[in-house]
1. Helix-derived [θ] at 222 nm for the chain: sum -39500 (n - 2.57) over DSSP H runs of at least 4, divide by residue count, nearest 500?
2. In the range 151-187, whose amide N lies under 19 Å from the spot 7 Å out along Cα-to-Cβ of ASP205? List them in ranges.
3. Sort 152-164, 37-49 by packing, meaning the average of other beta carbons within 10 Å per residue, with the highest value first.
4. Where does helix 166-175 land angle-wise versus the long Cα axis of the chain, in degrees 0 to 90, nearest 10?
5. For HIS8, which sequence-distant residues (separation of 5 or more, or a different chain) have an amide H within less than 5 Å of its own amide H, given hydrogens modelled in the peptide plane?
6. In degrees between 0 and 90, to the nearest 10, how far off the longest principal axis of the chain does helix 13-23 point, with axes built from Cα atoms?
7. With +1 on each Lys and Arg Cβ and -1 on each Asp and Glu Cβ, and nothing else charged, work out how big the dipole of the range 1-86 is about its Cα centre, in Debye to the nearest 20.
8. In terms of modelled amide H atoms, which long-range or inter-chain residues lie less than 5 Å from the amide H of VAL118?
Amino acid sequence: MEKSNNIHISNHPLIGEKLSTLRSINTSPELFRNLVAELTSLLIYEATFDLKTLSLDIETPLQKTRGMKIDGAISIVPILRAGLGMVDSALKIIPTAKVWHIGVKRDEDTLEPIEYYVNKPNVEKANTCIVLDPMLATGGSLSAVCSILKSWGVNNIRYIGLLAAPEGVKRLEDDHPDISMFVASIDSHLDENGYIVPGLGDAGDRQFDTL
């Protein structure tokens, strides 16, 4: 697919190695969960490189100097259920972040999103939302979540995922051209069942051992 300015594909060797292990059919659920967490931590760094900051005075053991802090609040939005495995790692990097939960699942017949849980938070307490979901397949669920966030008044949204399909990337670019995507890889295509190929299978099932 043609490279878009909205999609950021990591070329970091650590991410490439961990993703390769994550894909393997021989990777246990425990190791799979650990790798999802590690990859999330690495991608968080890449997805927050341009956050606005404020300058502040601090005092070291030796003298006063200038430091910085993030300007504004951040909310982490895992798409249930697979996105849950990415939350703890994101909070370790951004411990002051709020966590908002939105439940959207894919209808296995139509491949379209079905909203099943939404609890509107205090949106005024966040001006940046980072949406977490390991797989960007058809893009329907992610697009629906972004639409919900925008309806709440959120205008700075970024997506972090492990794998994306060209079809999902195009869907999000068509529906939400203002949203940046940060992923470890864009794979070849979707199969007839809407799974990413070569992919890694169902990320939720592999994390929670429900195969």
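Where a number appears in this text, it was derived from the coordinates with a stated rule and is not lab data. Here the structure is a predicted model, which means the values were calculated and not measured. Positions of Cβ are backbone-derived with ideal geometry, glycine not excepted, and every protein chain shown enters the neighbour counts.
1. On the way: 6 runs with 65 residues, N = 211.
That comes out to -9500 deg cm²/dmol.
2. Hits in the range 151-187 for ASP205 at 19 Å: 162-165.
3. Working: 152-164: 20.6, 37-49: 18.3.
Those peptides, ordered most packed to least, come out 152-164, 37-49.
4. 60
5. So HIS8 has HN proximity to MET181, PHE182, VAL183.
6. 40
7. Working: 9 positive and 9 negative charges, 22 e Å.
It comes to approximately 100 debye.
8. Amide H neighbours of VAL118: GLY103.
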